[in-house]
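Enquirer: Below is one structure. I have some questions about it.
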Amino acid sequence: MTEETIKPLSEPVYNHAHGRLLLPGTRYWPTDMWKSPWSLPTYRRGAAVLAGLITGGAAAAWFVGEIGPRLAPLYAAAEAFALSHDIPAFWISVVWTFIKGAILLLAPLVNALFAVWWERKISAHIQSRLGPMYVGWWHGALQTLADGIKLFLKEDIIPDCADKLVHTLAPIVVVIPAIIVFAPVPFGSGLVFADIDIGTVYVFAVGGVSVMGIIMAGWSSGNKFSLLGGLRSAAQLVSYELPRTFAVLPVIMLAGTLNIAEIASSQAGYWGGFVPRWFIFYPVVGQVAFIVFLIASVAETNRVPFDIPEAESELVAGFNTEYSGMKFALFFLSEFAYVLLSCLLMASFFFGGGAAPLPFLDFLPSWAWFLSKTLLLMFCFLWFRWTFPRFRVDRLMDFNWKFLLPVSLLNIAAGGLLIWLIS
Amino acid sequence: MKNYIDFVADASWNTLKGLWVTLKFLFLPSITVQYPTEKIVPYPRFRGMLAYDAELCIACGMCVRACPSRCIALAKAAPPPAPPPAADGQPAAPAVKAGPKIEWYTIDYGRCNFCGLCEESCPTKPKAVWHSLDYEAVFSTREEMVRRWKRGDGPWGTVKRSADAQPSAISDQIHIQDMPVRK
Amino acid sequence: MTETIIFYMLSAVILLSALGVVLLPGLMHSALCLGLCLAGVAGIFASLGSDFIFAAQILVYVGGIAVLILFVVLLAANASEKMTRQISEAWLPSLLICSAFFWAFLKVTRYFSGLSAQTAPSPSVKAIAALLLGEYAVPFELISIVLLASMTGAVLFGRRKAE
């Protein structure tokens, strides 16, 4: 291994097996390139591309944020037009609800497209490899679409000794709550589908309905391993719902409301002019609540290190062994929808969803800040996946009942103490 | 109680250390070589596909005897005819220059195990048979695996395409790197 | 008008799934129909405007109790595979007795009925909280003691016998 890092050839070469002209950039990698990555021109180029993407994204967000309020008169004009043509206001609100519902339906679907690609890229770079590079124009951007089309076209296999009706209904029972759970969650200030007063309870309640779907999936597949996988998964999900809900209680106590949009907006303002009033910055209570909620959310969504029920080498993929094609895609979609939900909830509860971190940064619209906080938290989910080994199932339960639950209960008491000290 | 707190603190610290390691690796460059568009040039003593130079070979047969897989075969060329004896008064005819000493030479790449013994035993300088740096030895049929050199063929010989077809020269055979300096 | 349609649709779901609970031969199917029935009841609560009870019903009943029943059915040996006939021989006398009970319930509940469905939920969390922790604090604490006792009893009974 020589001292110079790159030695490209001077003339193009032919590959006699393929008969194609190859790129002249044939190179070989000295193993100590990691000691000085900035000396590699491709590394510098990649960093410049990343910086350009972030700046470009921020500029695009600012631009869209500026033209948004200028479009509001269009909606008012459309509404006046409809009213003048004797359409009752009731139907206008129905149409508007349907449009909002269609946009809300898109949220988990578009998220699945992006999140799967991002997960593959991040996991690849953590493992020093490249991830999807080929499909799509840039770094495999359309890879998820291609995989989705493949899953769509696969044959739908139902095992012979399976209960056909329950087997078909199980993915539906898992996926529908995963979509309707986004109703009270804000995507920015004022961007809520259903601004209901019990948003938090609704989210946790509807999330619990998916557990029934997983048990249905495990039982109806007709083999013992799927049943065991389904039961283990259901036990894990039901157990980890407790610390998750208790971790949010101090936040609810500090905010004084269950409405998620109001919890997010009650964190506006800055202490001393530059520290944002986010709940994560409240001494001890905020940080403990955030960590417990984060760990419990990772467990709730069946991600590593808590993915005993569905990991490839455990119980042959657990409850989704016997699912192929679109049904498997629905389970996958629901997992990523719940990851997005957990990240949105964390951004609303703990990071002031929509509020800029520093006072002078609020030229970016609230949905852009919300999105960036959500993406950062989703990165944490992906980061945990490739750092930790999997929990054994009894250690998983121990971790919940002997650590997370007592800590979250003590946190509630500490939250009460904090409120008493503040007032 | 103290054990519990110690355990939790120890576990948290190790978790954070693990997360830091993973984060560092996220920002280090990837070591993937994206194969058809990027290729690795091996180290100089890499034993790739065999190449042969008919001009230098002295047809000693050391490579045939050294090969453990018996993949080399050769036939010596007949020596050039001796010039006619000088007649009285006529100047002696100049001796015919000897051409390559080899009639034909074949290597069966299906049998070659890339051990390098033929290269080691070749007495010429530079060597007449040597391992190039080519690792893309791809063949479609068994017949293609046997290469034959006659006078004037390039370093990669000719190959029989089918049982009755004439063997054709593979003229665009350039491999992934230049010919390295032969030892 | 839409309130009436919604009420009848939800009632149809509740009644059909309740019939499914008692009439379906497989135990798993009955348990799943129970979950559907409880979700329908939550829908009735939502249509009456009490938002917190709707969410609490789904959280507790569908997400907790129905899942618990499914666990019990699956963990008990062979319970999920038994398919038994659900209609007994003496169906006519039992039908008459049930109709008598139903007529009695109807007379009692007709006195209290007449609530109309609402299109918007009336926020009730603060009111419920004030009641629970103010006026009805003692029953609240008693309920929590009962729950604690049942949890302790469950753990005690579930332990392996000390050798």
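The values are calculated or read from the model by the stated rules, or taken from the named source; none is laboratory data. Nothing here was measured: the structure is a model prediction, and the numbers come from that model. Reconstructed Cβ throughout: ideal geometry from the backbone, glycine too, with neighbour counts over all protein chains shown.
Enquirer: Can you find a residue in region B:159-180 that is part of a loop (DSSP other than H, G, I, E, B) and at pLDDT 65 or above?
Expert: no
Enquirer: Kindly list, by first and then second residue, each pair from a residue in region C:18-39 that is within 8 Å of another protein chain (Cβ to nearest Cβ) and within 19 Å of C:Val72 (Cα to Cα) to a residue that is part of a helix (DSSP H, G or I) and of a type outside the set (A, V, I, L, M), limited to pairs with Cβ atoms under 9 Å and residues at least 6 apart or on different chains.
Expert: Pairs that qualify, where the first residue is within 8 Å of another protein chain (Cβ to nearest Cβ) and within 19 Å of C:Val72 (Cα to Cα) and the partner is part of a helix (DSSP H, G or I) and of a type outside the set (A, V, I, L, M), are C:Met28/A:Trp219; C:Met28/A:Ser220; C:His29/C:Gly20; C:Leu32/C:Ser17; C:Leu32/C:Gly20; C:Gly35/C:Ser17; C:Gly35/C:Tyr61.
Enquirer: Still on this structure, please answer the following. Out of the residues in region C:40-62 that are closer than 19 Å to C:Met9 by Cβ and not small (Gly, Ala, Ser), state the one that is nearest to the other protein chains (Cβ to nearest Cβ).
Expert: Taking the candidates together, the pick is C:Ile58.
Enquirer: For the condition in a loop (DSSP other than H, G, I, E, B) and in contact (Cβ under 8 Å) with a residue 60 or more places away in the chain, what is the one hit in A:Phe246, A:Phe182, A:Phe225?
Expert: So the residue among A:Phe246, A:Phe182, A:Phe225 that is in a loop (DSSP other than H, G, I, E, B) and in contact (Cβ under 8 Å) with a residue 60 or more places away in the chain is A:Phe182.
Enquirer: Within region A:283-304, work out how many residues are surrounded by fewer than 23 Cβ atoms within 10 Å (Cβ to Cβ), more than 19 Å from the chain's Cα centre (by Cα) and on the phi < 0 side of the Ramachandran plot.
Expert: 4
Condition check ((1) of a type in the set (Ser, Thr, Tyr); (2) under 12 Å from the mean Cα position of the chain (by Cα); (3) closer than 19 Å to A:Gly208 by Cβ) across all residues:
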{"position": "C:Tyr8", "(1), (2), (3)": "yes, no, no"}
{"position": "C:Gly35", "(1), (2), (3)": "no, yes, yes"}
{"position": "C:Asp51", "(1), (2), (3)": "no, no, yes"}
{"position": "C:Tyr61", "(1), (2), (3)": "yes, yes, yes"}
{"position": "C:Ala66", "(1), (2), (3)": "no, yes, yes"}
{"position": "C:Val72", "(1), (2), (3)": "no, no, yes"}
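Enquirer: Check A:Pro132 against each of (1) part of a loop (DSSP other than H, G, I, E, B); (2) within 14 Å of chain C (Cβ to nearest Cβ) and name the one condition it does not meet.
Expert: It is condition (2) that A:Pro132 fails.
Enquirer: Could I ask something else about it? Assuming C:Leu106 fulfils every condition listed in (1) out of contact with any helix residue (DSSP H, G or I) (no Cβ under 6 Å at 6 or more places or on another chain); (2) within 14 Å of another protein chain (Cβ to nearest Cβ); (3) surrounded by 10 or more Cβ atoms within 10 Å (Cβ to Cβ) apart from one, which condition is it?
Expert: Exception for C:Leu106: condition (2).
Enquirer: Counting only residues that are outside any helix (DSSP H, G or I) and among the hydrophobic types (A, V, I, L, M, F, W, C), which one in region A:366-423 is nearest to the chain's Cα centre (by Cα)?
Expert: A:Trp386
Enquirer: Just to check your reading of the model, which residue among A:Lys7, A:Lys35, A:Lys100 is away from chain B (no Cβ under 14 Å) and either within 28 Å of B:Ser30 (Cα to Cα) or at pLDDT 85 or above (or both)?
Expert: Of the residues listed, the single one that is away from chain B (no Cβ under 14 Å) and either within 28 Å of B:Ser30 (Cα to Cα) or at pLDDT 85 or above (or both) is A:Lys100.
Enquirer: Quick one: in region A:388-408, which of the residues that are more than 18 Å from A:Glu300 (Cβ to Cβ) and in contact (Cβ under 8 Å) with a residue 40 or more places away in the chain is farthest from the other protein chains (Cβ to nearest Cβ)?
Expert: A:Arg392
Enquirer: Then there's this: For the structure I just gave you, tell me whether B:Ser132 is loosely packed, with under 12 Cβ neighbours inside 10 Å, hydroxyl-bearing (Ser, Thr, Tyr) and at pLDDT below 85.
Expert: So B:Ser132 does not fit the description; no.
Enquirer: Tell me, please, whether a residue that is over 30 Å from A:Asp398 (Cβ atoms), modelled with pLDDT under 85, within 9 Å of chain A (Cβ to nearest Cβ) and not in a helix (DSSP H, G or I) can be found in region B:52-75.
Expert: There is no residue in region B:52-75 that is over 30 Å from A:Asp398 (Cβ atoms), modelled with pLDDT under 85, within 9 Å of chain A (Cβ to nearest Cβ) and not in a helix (DSSP H, G or I).
Enquirer: While we're on this one: Is it the case that region A:69-77 has a residue that's assigned to a helix (DSSP H, G or I), hydroxyl-bearing (Ser, Thr, Tyr) and within 14 Å of chain B (Cβ to nearest Cβ)?
Expert: There is no residue in region A:69-77 that is assigned to a helix (DSSP H, G or I), hydroxyl-bearing (Ser, Thr, Tyr) and within 14 Å of chain B (Cβ to nearest Cβ).
Enquirer: Keeping to region A:186-204, report how many residues are facing another protein chain (nearest Cβ under 10 Å) and either in contact (Cβ under 8 Å) with a residue 24 or more places away in the chain or crowded, with 24+ Cβ neighbours inside 10 Å (or both).
Expert: 9
Enquirer: Out of A:Ala347, A:Ala329, I need the residue that is in contact with a Ser or Thr (Cβ under 6 Å, 6 or more places away or on another chain) and assigned to a helix (DSSP H, G or I). Which one?
Expert: Only one candidate qualifies: A:Ala347.
Enquirer: Specify which of the listed residues (C:Gly49, C:Gly64) is at negative phi and of a type in the set (Gly, Ala, Ser).
Expert: Going through C:Gly49, C:Gly64 in turn, just one is at negative phi and of a type in the set (Gly, Ala, Ser): C:Gly64.
Enquirer: Here is a list of conditions, (1) surrounded by 13 or more Cβ atoms within 10 Å (Cβ to Cβ); (2) over 30 Å from B:Leu19 (Cβ atoms); (3) aliphatic (A, V, I, L, M), and A:Ala115 meets all of them except one; can you say which number that is?
Expert: Only one criterion is unmet by A:Ala115, namely (2).
Enquirer: Any idea how many residues of region C:1-17 are touching a Cys at 6+ places or on another chain (Cβ under 7 Å) and either free of Cβ contacts under 8 Å to residues at least 24 places away in the same chain or in a strand (DSSP E or B) (or both)?
Expert: 1
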